[in-house]
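So the structure is just underneath, and the comments pick up after that.
The values are calculated or read from the model by the stated rules, or taken from the named source; none is laboratory data. Model, not experiment: these values are computed from the prediction. Here the Cβ is made from the backbone with ideal geometry for all residues, glycine too, and neighbour counts use every protein chain on show. Quick note on the areas: whole protein, heavy atoms, side chains included, nothing else; ligands and nucleic acids left out. Shrake-Rupley method; radii C 1.70, N 1.55, O 1.52, S 1.80 Å.
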Amino acid sequence: MSTLITLIVAAVTFGTVLMYGTLGEILTEKTGNLNLGVEGIMYMGGAFGLAGAFYYEKAAGAAASGPLAISIAILSAFVAGMAASAIYSFLTITLRANQNVTGLALSIFGTGIGQFVGEFMRVSEGGYVALSNHLKDAFNATVFPSFFINIPVVGRIFFSHTVFFYLAVILAVLMYLFFKKTRTGMYLTAVGESPSTSDAAGINVTKYKYLGTTIGGGISAIGGMVYIMTTAGCVWNHEGLSGVGWLAVALVIFCIWRPLNAIWGSVLFGAMMIMYLRVSIPFIPTEIYKILPYIVTVIVLVLTSMKNSRDKQPPASLGLNYFREER
Amino acid sequence: MSETKTPLIRLAKRAEMSKGRIYLIRICSIIIALILGCLPMVLTGTNPFAAYSVIIQGSLSRPVYLKQTIRTAIPLLGCAIAIAPCFKMRFWNIGAEGQITMGAVFSTYFALFYADKIPHAPLLIIMFLSGALAGALWALIPAFFKAKWNTNETLFTLMMNYIAIGIVAWLQGGPWEGRKGSQLIPMFSDNARLPMVLGVNCGWIIALVLVVFLYIYMNKTKQGYEIAVIGDSVNTARYAGMNVGWIMMRTMLISGAISGIVGTIIVSGANFTLYKGVANGVGFTSITVAWLSQLNSFAMIAISMILAVLEKGANTLQTRMQVPASIADIITGILLFCMLSSEFFINYKLIFRHKDKKEAMA
């Protein structure tokens, strides 16, 4: 039993990273823009998030406060992600460049920037960039008082996580409400489904696409920061971060573009990614576990396309640029 | 009244532009990219002129460097050729990474277990054929589902990459592991290595042959024509009686086979072993190579060389000036952004409002 609980807790930790990446990409894809640059965006989020917290601590010294460091890390990751996506948005929305190619270019660019910043900090700070234990604890602290965590079984599963997890869940719920209950959200969905119809109905397609992709990129970037600050132990670790962005892209499909599914989907994917450390099933090599998320995604992709049910499809205009003049 | 509603800037598709101006715009975009690439260097206190000259020196100045640069360019070029027909068809195959990897896996199988049983030339031929077959089959899976159920190929091929890489990770730590616990597959024996021609593995000859092949295939054959028609309009192709599903699968088979061959070249010509990073992002970078070359196979030679120069030069830059080698990725990214943007100015023209009025009066 305790193994299972440990597995779930670890799955949530890694799942939180994915959840930000996925939620951001859902918002992006809902506008009809397939941003394959999530990998690069999350790298940038990780590097700049760490940089933000690190230089804040350097400036503030021992007086550095945990909550403020967390806010700064979130903010710097978010801004970095927005800036990265803004390049993508400008190229695909205004200059009408191919979305796949631009996204891949952003992946190359973003991983480069992330690596560069991470390496540069390491070299300029004399070999090692890490936060003090005081701030590390702040980033990894649980939110609820120990009374809740000590409730048998349920306590650790639900109450023992970092603030990032609860923020992500709140974000997922907010996004759900945004898409389902608000006019803006519905307009945004409409833009992704059929930009020309939306345009004819008087919706400012360009504005929605810009806002959706840049804010989405910002959210994805937070995931990279969360990875560096929780799983990687507040140290720049590009090896661990590599592939996470692509996994987030996979997860978007698995969630069939619904924010609420991202909550359990990311925990499930997190479990599949870390299961090899915790559970060993005879005859199944551990490395094979790691490809499970991708296989599951492929199956979901195939099944949804075979069933062809209308509410489980990608946004209809996904990957296609909108040219008003070519209507 | 309507004048106030005319936006400040309007866009219009440009008619044919003269070749000279197109090249001028493209060259300008490259220059702008190189200038923008100075930014991260300046911000981190490196002299960009010195850095660029180190990049050029480190990649081209000596025959040894040049050979290494060419070795980097071969897979990029080969894989860009593989991707071109798919992209021409507007079939977004971003699974070259996985197709390379699977090609590498199959050829490694023969390199590991048959190197002492089969003589050199036949062994290499078997390795190439098996690599091509593996890449082709790996590419066929998403193509089949696309043809049959219209499954989104971008996402499907993307997932296939990581499945392939996972398989290698398993082989590395499991059945094909050399020394127990090393997590490494043994190095190939000389029998399974590509011969050198002019100091570089003979992969460059294969890549150049593929360049000519692609040109002929896309421009002079019926199949190439069918691909172009589907790229323009799937419906037109259907009305013309083409079997779109079959053509998609056939094109992906060819594309995957070429990627698989690239995988063979990488393992038997450069790495001499297999590990999970065997494709090393080539499958992704080559997509940008193919696209920036406008799917023109001869232009791919130039673009893949430019990217290889950056990558090789940046390694020298890291050792000589302590600039992180990831600067290559940054400059590559900026270069791609600028060249992607330049296409906009080639295809569209901006019409400003005041100019419009004059036209109306005249």
| said: Run the simple label-point estimate for B:Ile56 and B:Asn347 please: 7 Å along Cα→C-beta, distance reported in nm. | reply: 3.3
| note | Output row A,B: buried area (accessible, probe 1.4 Å, summed both chains) in Å², nearest hundred, equals 4100
| task | Order B:Lys276, B:Lys148, B:Lys312, most accessible first, counting only protein heavy atoms with a 1.4 angstrom probe. | result | B:Lys148, B:Lys276, B:Lys312
| note | Given a Förster distance of 25 Å, the FRET efficiency implied by the Cβ-Cβ spacing of A:Phe148 and A:Ser71, rounded to the nearest 0.05, works out to 0.55
| query | Ignoring the sites themselves, what is the longest stretch of chain A with no chymotrypsin sites (Phe, Trp or Tyr not before Pro) in a DSSP loop and at most 13 other beta-carbon atoms within 10 Å? | reply | A:129-282
| query | Distance from the Cα centre of region B:249-309 to that of region B:15-45, in angstrom? | reply | 24
| field | Accessible surface of chain A, 1.4 Å probe, proportion on carbon and sulfur as whole % | value | 67
| Tilt relative to chain A, helix A:99-124 - C-alpha long axis, 0 to 90 degrees, to 10 | 30
| task | Could you check the simple spin-label distance between A:Ala201 and A:Tyr55, using points 7 Å along Cα→Cβ, in nm with one decimal? | result | 4.4
| field | DSSP H segments from chain B that extend 24 Å or more along their own axis, Cα-based, with Kyte-Doolittle mean of 0.5 or above | value | B:19-43, B:63-88, B:96-113, B:120-149, B:153-173, B:203-220, B:244-265, B:297-321, B:327-347
| query | Helix A:183-193: angle to the longest alpha-carbon principal axis of chain A, degrees 0 to 90, nearest 10? | reply | 70
| How much of A:Asp137 can a 1.4 Å solvent probe reach, expressed as accessible area in Å² and rounded to 10? | 100
| request: Set the Förster distance to 25 Å, then compute FRET efficiency between B:Phe213 and B:Leu24 from the Cβ-Cβ distance, nearest 0.05. | output: 0.20
| note | Regression test value, accessible area per residue of region A:112-156, probe 1.4 Å, units Å², expected 55
| task | Output the residues of region A:108-147 meeting this criterion: accessible area (heavy atoms, 1.4 Å probe) in the chain alone minus accessible area with all protein chains in place is 30 Å² or greater. | result | A:Ile108, A:Phe109, A:Gly112, A:Phe116, A:Glu119, A:Phe120
| task | Anything losing 30 Å² or more of accessible area from the isolated chain to the full protein assembly: pick those residues out of region B:140-165, probe 1.4 Å, ligands and DNA/RNA ignored. | result | B:Trp149, B:Thr151, B:Asn152, B:Thr154, B:Leu155, B:Phe156, B:Leu158, B:Met159, B:Tyr162, B:Ile163
| field | List A:Val154, A:Val267, B:Val289, ordered by accessible area with a 1.4 Å probe, largest first | value | A:Val154, A:Val267, B:Val289
| query | Plugging the Kirkwood radius over Cα pairs into Stokes-Einstein for region B:83-300, at a temperature of 4 °C and a viscosity of 1.567 mPa s, what D comes out in µm²/s? | reply | 73
| task | Specify which residue in the list B:Cys86, B:Pro75, B:Ile22 is farthest towards the positive end of the charge dipole of region B:1-117, using unit charges on the beta carbon of Lys, Arg (+1) and Asp, Glu (-1), about the Cα centre. | result | B:Ile22
| query | Which whole-angstrom value gives the distance between the alpha carbon centres of region A:87-131 and region B:142-197? | reply | 27
| message | For chain B, what does the accessible surface come to per residue with a 1.4 Å probe? Please give it in Å². | response | 45
| Ordering B:Leu140, A:Leu268 by how much accessible area each has at a 1.4 Å probe, largest first, what is the list? | A:Leu268, B:Leu140
| field | Per residue convex hull volume, Cα atoms of the protein assembly as shown, in Å³ | value | 191
| On the accessible surface of chain B, probed at 1.4 Å, how many percent belong to carbon and sulfur atoms? | 65
| In percent, how large is the relative contact order of region A:2-326, given Cα pairs closer than 8 Å and 6 or more residues apart? | 38
